[in-house]
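A quick write-up on the structure given underneath.
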């Protein structure tokens with residue numbers, strides 16, 4: 001007896017085993033995670049969906065009009081996809097009008113809007129090294145929105161410095177925004193690129209100063225004034241900025257419950273000085 005392959009929830013007939021050389025690999029979007037060793041590839045109508053380097057293929061026959069089944073089968077093959085991988089898939093899918101790319105995008109938790117696809121297109125114009133960094137840091141479309149304004153800007157210096165300085169996700173997101181805006185403002189590359197022995201924090205601080213000179217000076221003055229306030233005990237306070245908002249970050253170390261009361265009394269005195277200063281400025 002010949003063992004029957006099981007029926008599936010996607011196709012009305014069991015998938016056929018094919019040699020991969022007989023199938024179409026044009027949907028290969030270079031998935032970052034390796035396909036399980038020994039597991040055959042998966043295809044729909046002889047177009048490979050996953051396992052592009054395998055020898056054999058489970059080929060499902062699904063009517064191209066059954067978009068939900070096709071999208072569901074594709075989603076079942078990958079635990080998650082980074083935005084970089086999805087952008088590459090979007091690009092490859094243009095050759096297959098029957099492939100339900102918008103539905104696939106939705107099934108991975110994104111909204112298939114015009115901005116989503118435009119950002120994907122812009123990302124694919126960047127160097128591979130930057131794309132790999134974006135995948136590693138799990139960058140989202142909104143993190144990469146400055147690319148939509150970049151146009152024909154030459155940002156090779158930025159991509160080089162980002163990778164050389166090994167920026168974190170938050171640093172890279174901020175640096176991308178500053179690099180695009182400063183470039184559009186006509187700043188010279190030599191002014192913007194990282195200098196010798198300049199750390200990532202120093203580079204970002206310099207770019208921020210170039211982009212927002214007045215705000216940067218106010219922050220510097222505020223930080224200087226903060227150090228003169230009578231912060232209680234061993235508490236540490238610094239002036240910091242998070243996006244468009246600036247404020248005081250205070251760190252306390254309390255070993256005894258009674259110490260907390262002393263800190264609160266000291267902080268109350270600092271609060272009075274802050275409110276007095278605010279009243280004078282207004």
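The values are calculated or read from the model by the stated rules, or taken from the named source; none is laboratory data. Predicted model only: the values in this text are computed from it and were never measured. No Cβ is skipped: glycine too gets one built from the backbone with ideal geometry, and neighbour counts run over all protein chains shown.
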The one condition in (1) surrounded by 12 or more Cβ atoms within 10 Å (Cβ to Cβ); (2) at pLDDT below 95 that residue 91 fails to fulfil: (2)
Those residues of the range 16-51 which are over 21 Å from residue 72 (Cβ atoms), in a loop (DSSP other than H, G, I, E, B) and touching a strand residue (DSSP E or B) at 6+ places or on another chain (Cβ under 7 Å), in sequence order: 25
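Quick grid of which residues meet (1) at positive phi; (2) surrounded by 14 or more Cβ atoms within 10 Å (Cβ to Cβ); (3) modelled with pLDDT under 65; (4) not in a loop (DSSP other than H, G, I, E, B):
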| position | (1), (2), (3), (4) |
| --- | --- |
| 175 | no, yes, no, yes |
| 191 | no, no, no, yes |
| 201 | no, no, no, yes |
| 218 | no, no, yes, yes |
| 225 | no, no, yes, yes |
| 230 | no, no, no, no |
| 239 | no, yes, yes, yes |
| 246 | no, yes, yes, yes |
Odd one out for residue 54, checked against (1) in contact with a strand residue (DSSP E or B) (Cβ under 7 Å, 6 or more places away or on another chain); (2) in a loop (DSSP other than H, G, I, E, B); (3) under 14 Å from residue 27 (Cα atoms): (3)
Residue within the range 120-129 that is outside any loop (DSSP other than H, G, I, E, B), assigned by TED's automatic domain parsing to the domain that holds residue 19, in contact with a helix residue (DSSP H, G or I) (Cβ under 9 Å, 6 or more places away or on another chain) and surrounded by 14 or more Cβ atoms within 10 Å (Cβ to Cβ) present: no
Test: residue in the range 76-84 that is in contact with a strand residue (DSSP E or B) (Cβ under 8 Å, 6 or more places away or on another chain) and either surrounded by fewer than 21 Cβ atoms within 10 Å (Cβ to Cβ) or modelled with pLDDT of 95 or more (or both): yes
Subset of the range 90-102 (residues that are in contact with a helix residue (DSSP H, G or I) (Cβ under 7 Å, 6 or more places away or on another chain), assigned to a helix (DSSP H, G or I) and closer than 15 Å to residue 25 by Cβ): 93
Residue match in the range 141-160 (condition: outside any helix (DSSP H, G or I), farther than 20 Å from residue 204 by Cα and not assigned by TED's automatic domain parsing to the domain that holds residue 70): yes
